[in-house]
Amino acid sequence: MTLGAVGPAWALAPLPDAERIDQALAATTLEQVIALIGGAGTPSPDIELSAPDLAENGAVVPIGVKSRLPGTTRIFIVVSTNPNPLIASFDIPEDTDPQVQTRIKMDKTDTVAAIVQAGGKLWRTEKLTRVTRGGCAG
Amino acid sequence: MGAPMRIVATHEDGYTTVRLLVAHAMETGLRRHPQGYFIAAHFIQRITATCNGRTVLSAQWGSAVSQNPYVSFRFKGGAVGDRIVVSWVDNRKDSRTDEAIVAPSDDADVDE
């Protein structure tokens with residue numbers, strides 16, 4: 001499922017603090033995550049999300065996120081069908097490039113979403129990654 | 001405590017790049033032991049990197065960051081000889097801190 005399907009209703013919720021992000025990391029539905037982080041983000045072409053087209057091993061899926069949005073302060077990685085859809089939240093200090101590479105687990109074929117907090121708003125880019133073998137319970 | 005992190009930090013053209021390989025099980029709590037029970041969730045929740053005391057990245061994670069997490073990022077400034085310190089805390093309140101010195105860009109690599 002794509003995040004747009006559950007987006008606009010939450011778009012005006014306030015942006016989260018660390019405690020809310022902890023709650024969002026523990027949340028088990030995409031709707032809860034979106035409510036806790038303050039939205040699903042507006043689609044933006046200024047976020048580059050690199051994720052494989054095909055991940056044979058869902059336990060190790062390389063992900064890269066790079067934001068060209070001015071004032072980027074946070075990068076979220078979300079996979080809606082994972083047991084906990086919010087995977088990670090990276091805080092980007094002022095002198096740090098708004099880009100991060102990491103590796104995540106995916107339970108099944110899904111869109112990976114990068115949600116970027118920039119200028120007090122949330123923005124989003126998504127990419128479909130097909131998963132051959134799930135990496136959350138394997 | 002866990003095993004040491006591998007931290008490689010290099011400086012080039014005004015930027016310092018940090019590559020980080022953390023030794024941690026990152027158990028989701030959803031995997032079954034061969035004897036049938038679930039292996040308890042065990043994962044890093046907070047991780048922070050500083051350069052000479054200045055925070056250059058901090059993150060909050062769930063259990064779906066891969067086992068032995070890898071992260072790379074870069075920041076403006078820093079210099080050869082600066083001290084990069086990385087600390088994490090997991091959901092059992094276990095923690096670990098390791099550090100590395102920023103090197104020139106041509107003599108460092110990280111084995112993933």
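Rounded if a/c is under 1.5, else prolate if a/b is larger than b/c, else oblate: which is the protein assembly as shown, with a ≥ b ≥ c the root eigenvalues of its Cα gyration tensor?
oblate
Taking the Cβ of each residue in A:Leu15, A:Leu86 as the centre, tally the other Cβ atoms inside 10 Å and list the residues starting with the fewest.
So the ranking, lowest neighbour count to highest, is A:Leu15, A:Leu86.
Please give the Cα centre distance for the stretch B:39-112 versus the stretch A:98-112, rounded to the nearest Å.
18
Give me the one-decimal nm value for the distance between modelled label points at A:Lys108 and B:Thr97, 7 Å along each residue's Cα-to-Cβ direction.
The answer from the label model is 4.4 nm.
How big is the convex hull of the Cα atoms of chain A, per residue, in Å³?
88
Given N residues in the stretch A:63-138, what is its alpha carbon radius of gyration divided by 2.2 N^0.38 Å?
Normalised by 2.2 N^0.38 Å, the Cα Rg of the stretch A:63-138 equals 1.14.
Quote the relative contact order of chain B in percent (integer), defining contacts as alpha-carbon pairs under 8 Å separated by 6+ residues.
The value is 34 percent.
Would you mind ranking B:Asp13, A:Asp22, B:Asp106 so that the residue whose beta carbon has the fewest other beta carbons within 10 Å leads the list?
Least crowded to most crowded, the residues run B:Asp13, B:Asp106, A:Asp22.
Can you tell me how much longer the chain between A:Thr42 and A:Val60 gets when fully stretched, taken as 0.36 nm per residue apart minus their C-alpha distance, in nm with one decimal?
That pair, A:Thr42 and A:Val60, stretches by 3.7 nm at full extension.
Kindly write out, for the stretch A:57-69 in residue order, the coupling ³J(HN,Hα) from the Karplus curve 6.51 cos²θ - 1.76 cosθ + 1.60 (θ = phi - 60°), rounded to whole Hz, with x marking Gly and Pro.
Along the stretch A:57-69, the couplings run 10, x, 7, 9, 10, x, 10, x, 10, 9, 9, 9, 6 Hz.
If I take R0 = 45 Å and measure r between the Cβ atoms of B:Arg32 and A:Leu15 in this structure, what FRET efficiency does the formula 1/(1 + (r/R0)^6) give, to the nearest 0.05?
0.75
When chain B is modelled as a GNM with alpha-carbon springs shorter than 10 Å, which of B:Leu21, B:Leu30, B:Leu57 fluctuates the most?
Comparing B:Leu21, B:Leu30, B:Leu57 in a Gaussian network model of chain B, the most mobile one is B:Leu30.
Equivalent ellipsoid semi-axes for chain B, as square roots of 5 times the alpha carbon gyration tensor eigenvalues: give them largest first, rounded to whole Å.
30, 13, 11
FYI, it's all coordinate maths here, none of it is from the lab. Here the structure is a predicted model, which means the values were calculated and not measured. Reconstructed Cβ throughout: ideal geometry from the backbone, glycine too, with neighbour counts over all protein chains shown.
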